[in-house]
Structures are given as C-alpha cells and as structure tokens.
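First comes the structure, then the notes that go with it.
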Amino acid sequence: MLTTPSGKPRARAIGIPLEGEPGPLNAITDVAGVEVGYRTLIRGSGPRVVGEGPVRTGVTAILPRGRASANQGVFAAMFSLNGNGELTGSHWAAEVGRCDGPVTITNTNSCGLARDATIKWLVKRFGSSGLWSLPVAGETFDGWLSDIDGFHVGEADVFAALDGAAGGAIEEGSVGGGTGMICYGFKGGSGTASRLVDFAGASWTVGAFIQANFGRREQLVIAGVPVGRMLKDWSPDRRDGPETGSVIAILATDAPLLPHQLGRLARRVSLGIARAGAISGHGSGDIFLAFSTANAPALEAGPKALAQASFIPDAALDPFFAATIQAIDEAVLNALVANDTMTGADDHVIHALPHDEVRRLLGV
C-alpha cells in the first residue's frame with residue numbers, strides 16, 4: 001500500500017495524513033473484477049518535430065468487469081464539472097444509466113482513436129453483435145511535454161493496454177495516459193486510491209482512478225497546508241498563461257447503487273478534487289464517471305422480462321460520499337508523489353513534487 005509495484009513511494013509513505021480506511025491495495029482494483037492496463041510511450045529528446053517527437057504519452061485501460069467479461073455493461077453515471085474536454089459515450093450513459101465495454105484514457109488528440117480501437121478490440125475478442133458500440137474514452141492535454149500533434153498513440157498501443165489489463169497493485173505517476181501530464185505545476189499523471197464503507201453487515205469498496213493534469217502551483221493544498229504557495233519559487237513551472245490542463249476521474253464501486261445514485265457520487269468527485277485547491281479553471285476539462293459492478297443480472301435481462309436490482313437507500317449514502325471525496329483526494333496526491341522529474345519536448349522540464357520539502361512544510 002505504501003509503494004507502487006516499481007517501488008515508488010505513495011502519499012502515505014512520505015507521511016501525508018489521510019482520512020478513511022483504504023482497501024488492501026488502496027487502489028481502484030480493490031473493487032473485485034476491475035482490471036487496469038497501461039501502454040507508456042517515452043522516446044526522443046530535444047526540439048519538437050511534429051510527427052517525430054519527442055514523445056511522452058500513452059493510454060490507460062480500465063475494464064469494469066475484467067477482460068473475460070469486457071463486453072458486459074455496468075450501471076454508470078457521469079458529471080462534467082467543467083466541459084473543456086471529452087468523454088465519449090457519456091451521452092448514452094446519461095440517457096440509460098449504463099456504459100458498456102472498457103474505459104480508455106489518453107491524450108487529447110488520441111481520444112477518438114482510443115475509442116475506435118476499443119470497438120475493434122471488442123469485435124475481435126467477442127465477435128460482431130451487429131449493434132452500435134459507444135465505449136467511454138477520455139482525454140487530457142500533454143502537449144507541453146509531448147509531440148501531441150504527431151499522433152503517436154496507435155491501435156496497437158490501445159490493444160496492448162487492454163490485453164495487459166490486470167487486477168492487483170497498479171503503477172502510478174508517469175504511466176499510460178498520464179505519462180506527459182502536469183498537476184499543480186509539478187509532474188502529474190496517473191493515481192489511484194480506495195476506501196471501505198460498512199453498510200448492512202457488509203463491507204463495500206469505493207475505488208478511484210485519476211488522470212491528473214490540472215491546477216496551478218499556487219493552488220496546491222496538502223492536508224490543509226498551502227504547500228503550493230510556499231513552494232511557488234521552488235523550481236517554478238515556466239509556462240505562462242491560464243490553466244490548460246484537465247482531469248478525468250473514474251470511480252468504481254461494488255456497492256449496489258442505481259444510476260442516479262452513481263451520479264451523486266460522481267458529483268462528489270468535485271469535492272475530492274477541490275481538497276487540494278483546484279478551482280476547475282475555464283480551460284480545464286474536469287469530467288468524471290462513476291460505475292457499479294453490482295446488479296449484473298439486472299443489466300443482462302432481456303427486453304421481455306422484468307429486471308430486479310438491489311440498491312442502498314439514498315438516505316444511507318453519506319459514508320459513500322465521504323469515501324469518494326477521500327479516495328479522489330488521495331489518488332491526486334499519489335499521482336504527484338509517485339513521480340519523477342521529466343524533460344520533454346523542446347527541453348521543457350517539469351519537476352516532481354519535492355518529498356522532503358513537503359514533509360518539512362507538513363511537519364511530518
């Protein structure tokens with residue numbers, strides 16, 4: 001729980017105090033059946049040459065029911081806090097309260113390709129259904145560090161992320177779609193966390209996954225301490241102008257929740273993002289999807305039969321709201337902590353969050 005599979009420290013390892021009880025992996029994969037895969041593309045250095053690099057990008061795949069059941073749907077809902085971004089399939093999720101197939105996250109200019117490649121992967125794996133397919137694909141902008149107009153993510157990369165998806169502990173930081181991302185003026189990227197909630201004699205899991213590419217340095221707050229303002233002049237981000245980042249958040253749970261309840265959880269992602277100081281700027285695409293792996297038989301019921309679904313009463317959702325906020329907040333911090341300084345296109349440098357300085361400022 002304290003380190004990633006490659007040994008990078010996570011937020012708890014450097015002493016950041018955090019609320020709530022995490023699952024055994026403190027990851028979205030604590031939700032049984034959820035699998036995550038990455039394809040990371042890092043190559044080249046020096047000046048940006050469109051089509052040739054340097055490349056600091058990739059794609060992330062999240063399979064709500066794993067590869068074996070990747071074509072099966074889940075109850076789902078989405079929420080857009082600020083819409084300067086893309087999440088394909090979201091209109092259908094809003095219409096019928098479900099999404100089908102894997103979720104992919106990549107860079108802005110590869111979002112459509114990731115969506116199309118996901119459909120091809122599903123057809124190759126499960127055969128053609130003769131029906132439409134509207135998988136979810138999200139994006140954030142990595143053009144400061146990567147040759148984004150070079151379209152370096154290909155179908156083979158999406159297939160690799162999908163085929164490599166697995167349960168268990170997952171890597172964080174500059175991996176997959178998060179490879180070239182920047183968060184609060186420090187190196188951002190992929191982060192995850194989870195929380196456990198007890199209800200009706202059972203323990204339920206809320207898992208979060210973030211592609212963090214948002215915020216200005218002076219906004220960063222950690223455990224209530226304005227760390228960003230205190231580190232404003234520490235190897236500062238040299239970019240000028242307004243915020244141009246985004247954040248895609250995927251929330252998973254095994255709790256039996258109906259689509260409108262998942263929409264309520266998706267809105268609470270906003271509060272988790274805000275804990276670290278983000279304001280969801282005009283140029284930021286802050287879009288969130290929540291899904292539940294429960295009630296599978298109800299989702300597979302035929303058009304001529306009654307479907308039955310269990311659900312937690314709305315009045316009992318407060319602990320799930322808290323779990324969402326806590327898991328999202330920690331996922332963002334894990335994306336920042338489990339990272340390294342990166343030099344990208346045109347020799348742009350984005351520094352990793354300095355662990356020792358953070359410890360000093362927090363007094364831990």
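Could you list all residues from the range 158-181 that are in contact with a helix residue (DSSP H, G or I) (Cβ under 8 Å, 6 or more places away or on another chain) and more than 21 Å from N334 (Cβ to Cβ)?
Residues satisfying the conditions are V158, F159, L162, D163.
List every residue pair whose Cβ atoms lie under 6 Å apart, where the two residues are 6 or more positions apart in sequence or sit on different chains, the first residue falls within the range 295-313 and is surrounded by 11 or more Cβ atoms within 10 Å (Cβ to Cβ), and the second residue, located anywhere, is part of a helix (DSSP H, G or I).
A307/A298; A309/A298
With the checklist (1) closer than 20 Å to A276 by Cβ; (2) not in a strand (DSSP E or B) in hand, flag the one item V206 doesn't pass.
Unmet for V206, out of (1) closer than 20 Å to A276 by Cβ; (2) not in a strand (DSSP E or B): (2).
Within the range 149-189, work out how many residues are among the aliphatic types (A, V, I, L, M), open to solvent by 20 Å² or more (accessible area, probe 1.4 Å) and farther than 21 Å from R10 by Cβ.
2
Within the range 180-203, can you find the residues that are part of a loop (DSSP other than H, G, I, E, B) and closer than 30 Å to I312 by Cβ?
Taking the range 180-203 as the starting set, the residues that turn out to be part of a loop (DSSP other than H, G, I, E, B) are 180-181, 184-185, 188, 200-201.
Once the filter is applied, which keeps residues that are part of a loop (DSSP other than H, G, I, E, B) and closer than 30 Å to I312 by Cβ, the range 180-203 yields A200, G201.
In this structure, does L265 turn out to be touching a Leu at 6+ places or on another chain (Cβ under 8 Å), in a loop (DSSP other than H, G, I, E, B) and farther than 30 Å from G150 by Cα? Walk me through it before giving the result.
Values: touching a Leu at 6+ places or on another chain (Cβ under 8 Å): yes; in a loop (DSSP other than H, G, I, E, B): no; farther than 30 Å from G150 by Cα: yes.
Criteria not met by L265.
Out of all the residues in the range 216-226, is one or more more than 22 Å from D356 (Cβ to Cβ) and open to solvent by 10 Å² or more (accessible area, probe 1.4 Å)? Break it down stepwise before answering.
Filtering the range 216-226 for residues more than 22 Å from D356 (Cβ to Cβ) gives 216.
Cutting the leftovers down to open to solvent by 10 Å² or more (accessible area, probe 1.4 Å) gives us 216.
Within the range 216-226, one or more residues are more than 22 Å from D356 (Cβ to Cβ) and open to solvent by 10 Å² or more (accessible area, probe 1.4 Å).
Assuming T324 fulfils every condition listed in (1) open to solvent by 10 Å² or more (accessible area, probe 1.4 Å); (2) touching a Gly at 6+ places or on another chain (Cβ under 8 Å); (3) of a type in the set (S, T, N, Q); (4) closer than 25 Å to P226 by Cα apart from one, which condition is it?
(1)
Considering (1) closer than 20 Å to W144 by Cβ; (2) under 18 Å from the mean Cα position of the chain (by Cα); (3) open to solvent by 40 Å² or more (accessible area, probe 1.4 Å), say which one D340 fails and leave the rest.
The number of the failed condition is (2).
Only one of I28, I14 is within 29 Å of R264 (Cα to Cα) and either at pLDDT 95 or above or among the basic types (K, R) (or both). Can you tell me which?
Working: I14 fails: within 29 Å of R264 (Cα to Cα).
Answer to the selection: I28.
Tell me, please, whether a residue that is of a type in the set (F, W, Y) and in contact with a helix residue (DSSP H, G or I) (Cβ under 6 Å, 6 or more places away or on another chain) can be found in the range 229-245. So that I can check it myself, show each step before the final result.
The first filter runs over the range 229-245 and keeps only residues of a type in the set (F, W, Y), leaving 234.
If we keep only those that are in contact with a helix residue (DSSP H, G or I) (Cβ under 6 Å, 6 or more places away or on another chain) as well, we get none.
Among the residues of the range 229-245, not one is of a type in the set (F, W, Y) and in contact with a helix residue (DSSP H, G or I) (Cβ under 6 Å, 6 or more places away or on another chain), which makes the answer no.
The values are calculated or read from the model by the stated rules, or taken from the named source; none is laboratory data. Model, not experiment: these values are computed from the prediction. Using ideal geometry, Cβ is built from the backbone for each residue, glycine included, and neighbour counts are taken over all protein chains shown. With ligands, DNA and RNA removed, areas are computed over all heavy atoms of the protein, side chains included. Shrake-Rupley method; radii C 1.70, N 1.55, O 1.52, S 1.80 Å.
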